[in-house]
Structures are given as C-alpha cells and as structure tokens.
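The values are calculated or read from the model by the stated rules, or taken from the named source; none is laboratory data. Quick caveat: nothing in here was measured; it's all calculated off a predicted structure. We place every Cβ from the backbone using ideal geometry, glycine too, and count neighbours over all the protein chains shown. For the accessible areas, the whole protein counts, side chains as well, though only heavy atoms, and no ligand, DNA or RNA atoms are used. Shrake-Rupley method; radii C 1.70, N 1.55, O 1.52, S 1.80 Å.
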Amino acid sequence: MSRYSFHINRLLIVLLAGLAWTTGAQPIPDSSWMERVRTVVLNRGGVEGEPPLVTLEGGERLLLSFDVLGPETGNYRYRIDHCDSRWHKDDLQPYEYMNGFEEGKVEGYGSSFTTMTDYVHYYQYIPNGQSRFAVSGNYVVTVYDEAEPDSILLTRRFRVSEASLTARVDVVSPYDGAGIRERREVDVTVTENRDYRGDMLPPTLNPAWLEVVVQQNGRWDNERRLPFGGFDGGALCYRRKEENIFACGNTFRWFDISNIRTATYNVAAIEEYGGEWFATLKPLEDRSGGNFIAEQVLNGGFKVNVWDRSNKQTEADYVWVNFLLPMRFPFLNGGVYVAGEMTDWCLDDHCRMTYRPDLKAYTLRLLLKQGYYSYQLLFVPAGESEGRTDTLEGDHFETPNVYRVWVYYRGPNDRYDRLVTTATGH
C-alpha cells in the first residue's frame, strides 16, 4: 500500500469513526490515525513496559508520548472520555468522571536533533496537576489538532481501578486434558477486599453484575470474557470453560535497530539511501514445527533506544524496516500479520504482509524509531478476526505469557462500568 492510499484510508476511517464514537456505536481502538503520527506510548509514570493502569485514589499519573513527522511544531490538545467495559463511549458527563478539566493542551515537546528524519516529540502527563479521576473504569485519551478539532491524531486506551474486590489468577493445564503442551487455562477467583477503604460502595458479589476479562500479553484480538463457573464458599469462580483456554504461542521474535552504524541482532543489513535509513531483517522462519525458544523478550513490546546519543526521545532516528518471510506458496485461506505494540496490536492492512511471487516470500515494510522491538507472526483465517499462533510460531506451554485480568462491575442502578479489581498471572 502506498503512503498516499494509506493516508486516504485512515482519513476515511477517522471521519466515520468520529461520528460512531460520538454516539457510542463503535468501540474506540488504540490507533494512530495519521501517517505522520509515530511511536505512540502510554504507560504508568513514564516507566517503560508498565501498562496504562492507575489506581483511583493512588495519585499516579500516566505519561503519553508521540512523534509527529516533519520539522514544524503543532498546537495539539487532548481530551479524556469515559467508556464502558467494551470501550464504547458511555453517557457520563465530564464533571461526573473528572474532578477538574477533561481537556488540555499537550504542553511538552522537543524537536529532533541530528537525525535524517525530522520530527517533533510530544509528551503529556495525564491527568495534569489540576485534575484527577473521579470514578474507575475504562478511559480513552484522544489527541487532536487545536486548529481542526475534528482532525484526530491518535487514540489510546487506559484504565483506572478502584481495587474494591480481590482477584486471583491461576494458569493451569486445560481442564479437558487436550493439548496440554500447546494450551493453558486461565482461571480467576473473585473475592471481597476486606481492606478496601475507598469512597465507592463495595460491589456486591453477584455474578450477574460482574464481567471478567482476560488479555494475553497486549493482544486485543483474542481477548476473552469469561463465563461464570460457580461458587466456592463466598468466592466467585471463573474456570473450567472453553473461554478460559488460550493457545500458548512461542517466545516473541525480536530485533534491535538501536545502532544504525552497523547491523546488530537479527538485522542482516542497514544502510542510508536518499536521506533515509533502511534496515533489512534476517529472513524469518516458519517456527511451527520447531521447539520452544527460550529467550528473554518484551512479549510484544518495544523500547526506544539509541546507542550513541544521550537523548533517545529526540536523537533517535527513524528507520524503514523490511520484513521477509520466505514461503514457496502463499496462503489461500487467510493473511499473515506482524503483531505487537509497534503495530498497535491491530490486525489491519498496515501490518499485513504481502506475498511477492518474484521473491517467493511475504514482505512488509514499517517505519520505526530506533530501538528494540519484539513481535510475532499471526495467521488470520479468511472471515475471522482472531489470529492463530500455531500456523507460523508454534504453541508451547513453556512460553512466558502474561495474562492480565480486569473485573468490571455494574449494579442495577449504576450508570457506568466500574473497574473493581485487576490481577496478573504468568
């Protein structure tokens, strides 16, 4: 896909999405809606790898950062919206979910220095010093151009938890005894939090009012909503159902483009051409028939890094990274996608590999900031939305997946979905 067609497609999407988000008709995704917006990161306190999650009365803040390609600075603003458990904009008014202003100016920025690709790096703490969150739940921050409020640059999801219940996560062998070396069952037990001292009324342990969501690593395509499995004393159990079972996948692939002077880990070549940097990764392999690969990786995340500069945010350059997966014949019943935080965990045309008959290989080119990147290859069957790891990665029970659990509560008289606890399992 050309840069022009990519931009037009994104523009059409955002125009349609803007209307849908206003009415709450569509879930709001993590997305960079303009081609010039790159390297969007939202994490807790600016700590790399920390998920975008804060506690309602914990005093924590999130750090949002992103780059806009080009030498000129812009005037950008951000808006915070409250959503339901499925990321649809809900009916709460700003004064109901924020103490203070829900909008503000993106204040921090710095221009790139000694890079071939010009860009401006922006950053903003959320909430700012004059605001705080009033309720728990799902939130979305939207950044837009001050001169054109309908011109959306990016959207990013985050969560605020009140920790009024307690959840325990157990990662075990599948209850049905099938595929015990390729699959894992994620069981969740929800109980009261006797130490809860928040302002909100403690939620009632009624399975009809609770929703338990499990996310594997950072993936959205295979996110699960668990059915209630029964009581265990005073606890609610979500276990021993097909929805609890995940394919394990394999250790994530990775590469390092921190050094553009020479090819390093999993990079075959790197060179400058026409005022831009190009990196060619070593040819990818079909790992479905191989053994588990034991390596320490970021489970789909990335870290901006540059070896020979002091300020990685403004001195790291941008590199066109070429992926190549040799295959004699293309898949006729689906597509291959590069999945990870670097592609917003989205399975769309932006990260779909293209089969080249002349090369007998799938290829993809992505523009990425210098750093360390991990990812996996997902095969999505035609007509489906969930990616499969068994086709190109293989599934191994030893894979160090991270399972994050989110428990939402909506009583009969509530107007929004509370995020009442979170938990993590490995």
Review point. When you scan the stretch 95-109, how many residues do you find that are more than 18 Å from Y139 (Cα to Cα) and surrounded by 15 or more Cβ atoms within 10 Å (Cβ to Cβ)?
Key: 1
**Study point:** Residue pairs meeting the criteria (Cβ under 6 Å; at least 6 apart or on separate chains; first more than 15 Å from V402 (Cα to Cα) and aliphatic (A, V, I, L, M), in the stretch 295-310; second modelled with pLDDT of 95 or more and assigned to a loop (DSSP other than H, G, I, E, B))
**Key:** V304/A316; V306/S258; V306/A316; V306/Q370
**Study point:** Number of the condition not met by V212 [criteria: (1) in a loop (DSSP other than H, G, I, E, B); (2) open to solvent by less than 10 Å² (accessible area, probe 1.4 Å); (3) among the β-branched types (V, I, T)]
**Key:** (1)
Revision key, fill the gap. Looking across the stretch 345-391 at residues that are among the basic types (K, R) and closer than 14 Å to V321 by Cβ, the single one that is surrounded by the fewest Cβ atoms within 10 Å (Cβ to Cβ) is R365
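Could you look through the stretch 239-270, keep only residues that are hydroxyl-bearing (S, T, Y) and within 29 Å of T391 (Cβ to Cβ), and pick out the one that is most open to solvent (accessible area, probe 1.4 Å)?
Once the filter is applied, the top-ranked residue is Y265.
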Check your understanding: On the given criteria, is D81 more than 22 Å from A316 (Cβ to Cβ), assigned to a loop (DSSP other than H, G, I, E, B) and either in contact with a Leu (Cβ under 7 Å, 6 or more places away or on another chain) or at pLDDT 95 or above (or both)?
Key -> no
Check your understanding: Quick one: would you say I8 is open to solvent by less than 80 Å² (accessible area, probe 1.4 Å) and at pLDDT below 50?
Key -> yes
Point to revise | Pairs where the first residue, in the stretch 193-220, is closer than 30 Å to P400 by Cβ and among the acidic types (D, E) and the second is open to solvent by 40 Å² or more (accessible area, probe 1.4 Å) and not in a loop (DSSP other than H, G, I, E, B), C-beta under 8 Å, 6+ apart | key: E211/R225
Exercise for review: Of the numbered conditions (1) outside any strand (DSSP E or B); (2) open to solvent by 30 Å² or more (accessible area, probe 1.4 Å); (3) at negative phi; (4) not aromatic (F, W, Y), G177 fails exactly one; give the number of that condition.
Suggested key: (3)
Check your understanding: Out of all the residues in the stretch 400-426, which are part of a strand (DSSP E or B) and not β-branched (V, I, T)?
Key -> Y403, R404, W406, Y408, Y409, R418, L419, A423, G425
Revision key, fill the gap. All conditions in (1) touching a residue at least 12 places away in the same chain (Cβ under 8 Å); (2) closer than 29 Å to E50 by Cα are true of E276 except (2)
Point to revise | Output for the stretch 392-406, where each listed residue is among the hydroxyl-bearing types (S, T, Y) and closer than 20 Å to G289 by Cα | key: T399
Exercise for review: May I ask you to list pairs of residues, at least six apart or on different chains, whose Cβ atoms are under 6 Å apart, with the first in the stretch 98-120 being over 27 Å from K369 (Cα atoms) and the second being exposed (fewer than 14 other Cβ atoms within 10 Å of the Cβ)?
Suggested key: G100/Q130
Check your understanding: Does L205 fit the bill of being on the phi < 0 side of the Ramachandran plot, among the aliphatic types (A, V, I, L, M) and surrounded by fewer than 17 Cβ atoms within 10 Å (Cβ to Cβ)?
Key -> yes
Practice item. Determine the pairs where a residue that is at positive phi, located within the stretch 387-403, has a partner that is open to solvent by less than 10 Å² (accessible area, probe 1.4 Å) with Cβ atoms under 8 Å apart, the partner being 6 or more residues away or on another chain. Key: G394/G249; G394/N250
Revision key, fill the gap. When every residue in the stretch 299-308 that is in contact with a Phe, Trp or Tyr (Cβ under 8 Å, 6 or more places away or on another chain) and either in a strand (DSSP E or B) or farther than 25 Å from V68 by Cα (or both) is compared, the one most open to solvent (accessible area, probe 1.4 Å) is K303
